[in-house]
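Novice: Next up is a structure, given as structure tokens.
Just so you know, all these numbers are worked out from the coordinates, no wet-lab data involved. Predicted model only: the values in this text are computed from it and were never measured.
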Amino acid sequence: MLVFPDLDAGNIGYKLVQRLAGASAIGPMLQGLAKQANDLSRGCSMDDVVDTATIACVMGAGTP
């Protein structure tokens, strides 16, 4: 888990880790709402869209 002092630092930090380590960063996934909500940044890649859509489908499969 990484903790940052503000949103800007958090965005910079997770993008650095994602790109330098070749890791996948999926999220944010908002929970606790009547329906699920997912968010993508303007600079996301096609792989980010596919990963988020896949997770959204799995999360939504259990809801009526």
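Novice: Between Asp47 and Ala61, what length in nm is gained on full extension when 0.36 nm per residue of separation is reduced by their alpha carbon distance? Numbers along the way, then the final one.
Specialist: On the way: separation 14, 0.36 × 14 = 5.04 nm, distance 2.11 nm.
Extending this stretch completely gives an extra 2.9 nm.
Novice: Moving on to the next point. Can you list the HN-Hα couplings for the range 10-21, worked out from phi with the Karplus curve (6.51, -1.76, 1.60; θ = phi - 60°), rounded to whole Hz and with x for Gly and Pro?
Specialist: Result, rounded to whole Hz: x, 5, 5, x, 6, 5, 4, 4, 4, 6, 6, 8.
Novice: Using Cα Rg over 2.2 N^0.38 Å as the read-out, say which of (1) 1.24; (2) 1.83; (3) 1.62 was calculated from these coordinates.
Specialist: Of the labelled values, this structure produces (1).
Novice: Follow-up question, since we're still on this one. In degrees, nearest 10, range 0 to 90: what is the angle between the Cα axis of helix 46-60 and the longest Cα principal axis of the chain?
Specialist: Here the helix axis deviates by roughly 40 degrees.
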